[in-house]
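Trainee: Before we start, here is the structure in question, set down as structure tokens.
The values are calculated or read from the model by the stated rules, or taken from the named source; none is laboratory data. Keep in mind it's a predicted model, so treat the numbers as computed, not measured. Methodologically, a virtual Cβ is constructed for each residue, glycine included, from the backbone with ideal geometry; neighbour enumeration extends over all protein chains shown.
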Amino acid sequence: MKKTGTRPLSSTSNRHRNDIYGDLKGPDASETVPAIPAATVLLLKEGSNGADVLMLHKNSKMAFGGMWVFPGGKIDQADFPENGDTNKAAANAAVREAKEEADIDIDQNDFVWFAHWSPPPAGQAKRFATWFFAAPVLVDGPISVDGGEIRDFEWINPAAALEKHAVGDIDLAPPTWVSLYHLARYESIDRILEHFNSEEPRVYETRVVEQEGIRIAMWKEDAGYGVWDAGIEGPRHRLLMKPGGFVFEHSAVEY
């Protein structure tokens, strides 16, 4: 196997503006900041060109400020049921946050849990470990945002959102970008939910390295993941966060 000088992140890297990951000391870096449990939900309704997803524009002064996100936020203690089930707490939090951020009532019985995202083990001031759900919007009511934490909203086709990001019109964090990419592979809500229901939730335990000046987020199916080396030849499951745009390679994983 070939190595090409992959190294941990450095503070002098030329980063994409939406690279949310901080600097790492190396593969052996310990978790200096505990990850905050959080949840988000991808709300889907039929649009003119397939499924649309609800996206919210965050206030620039908030966490993930200025980015377009899905409704969601941290899991509060009050979200936990008596038995302490964290998955249930995550679903409760997603329902609550959708109401608080977009004034939309949703039923968690319609939820499909399709992913869990964890950040790199160190480097960020705030680290979120996030449950990702998808759900259809069965009643097409009005959306209302407060103009404070959330500045705006849009029902948008996932492929159109990716195109807007590619030309710099909107900002998307890597987990949001990958989720939109996943949605864009399917032409309807039924196909999206059928696909998510047919698989176990996908776990993204992110590791980030730098190779030839490009910062790369990798996940466990990638050949270089175990040794923190993006130069290892083999299957790919990674996001190249090039300054000019994201490039997703996933020969190891079907989307």
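Trainee: Tell me, which residue of the stretch 1-48 that is of a type in the set (G, A, S) and closer than 14 Å to E212 by Cα is modelled with the highest pLDDT?
Mentor: S13
Trainee: Of everything in the stretch 120-140 that's within 21 Å of D190 (Cβ to Cβ) and of a type outside the set (A, V, I, L, M, F, W, C), which residue is surrounded by the fewest Cβ atoms within 10 Å (Cβ to Cβ)?
Mentor: D140
For (1) surrounded by fewer than 18 Cβ atoms within 10 Å (Cβ to Cβ); (2) over 20 Å from the mean Cα position of the chain (by Cα); (3) touching a residue at least 60 places away in the same chain (Cβ under 8 Å), each residue gets a yes or a no:
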| site | (1), (2), (3) |
| --- | --- |
| S144 | yes, yes, no |
| D152 | yes, no, yes |
| I156 | no, no, yes |
| A166 | yes, no, yes |
| T176 | no, no, yes |
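Trainee: Right, another one. Being buried (at least 22 other Cβ atoms within 10 Å of the Cβ) and charged (D, E, K, R) is the requirement here; does E46 meet it? First the steps, then the outcome.
Mentor: Working: buried (at least 22 other Cβ atoms within 10 Å of the Cβ): no; charged (D, E, K, R): yes.
Answer is no for this residue.
Residues are listed down the side, and each one gets a yes or a no for (1) aliphatic (A, V, I, L, M); (2) in contact with a Gly (Cβ under 6 Å, 6 or more places away or on another chain); (3) not assigned by TED's automatic domain parsing to the domain that holds L54:
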site	(1), (2), (3)
E163	no, no, no
Y181	no, no, no
A223	yes, yes, yes
R238	no, no, yes
P243	no, no, yes
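Trainee: Of A98, A51, which residue is farther than 30 Å from V209 by Cβ, touching a residue at least 60 places away in the same chain (Cβ under 8 Å) and surrounded by 20 or more Cβ atoms within 10 Å (Cβ to Cβ)?
Mentor: Working: A98 fails: touching a residue at least 60 places away in the same chain (Cβ under 8 Å).
Just one listed residue meets the conditions, A51.
Trainee: How many residues does the stretch 183-236 contain that are out of contact with any Ser or Thr (no Cβ under 8 Å at 6 or more places or on another chain), farther than 27 Å from R127 by Cα and not aliphatic (A, V, I, L, M)?
Mentor: 12
Trainee: Test D222 against the stated conditions and say whether it is farther than 24 Å from I104 by Cα and surrounded by 17 or more Cβ atoms within 10 Å (Cβ to Cβ).
Mentor: Spelling it out, D222 is indeed farther than 24 Å from I104 by Cα and surrounded by 17 or more Cβ atoms within 10 Å (Cβ to Cβ).
Trainee: Can you say whether W117 is in contact with a His (Cβ under 6 Å, 6 or more places away or on another chain), in the same structural domain as F132 (by TED's automatic domain parsing) and surrounded by 17 or more Cβ atoms within 10 Å (Cβ to Cβ), as far as the supplied structure shows?
Mentor: Spelling it out, it is not the case that W117 is in contact with a His (Cβ under 6 Å, 6 or more places away or on another chain), in the same structural domain as F132 (by TED's automatic domain parsing) and surrounded by 17 or more Cβ atoms within 10 Å (Cβ to Cβ).
Trainee: Right, something else. Do you know which residues across the stretch 78-103 are assigned to a helix (DSSP H, G or I) and either closer than 21 Å to V203 by Cα or hydroxyl-bearing (S, T, Y) (or both)?
Mentor: T86, N87, K88, A89, A90, A91, N92, A93, A94
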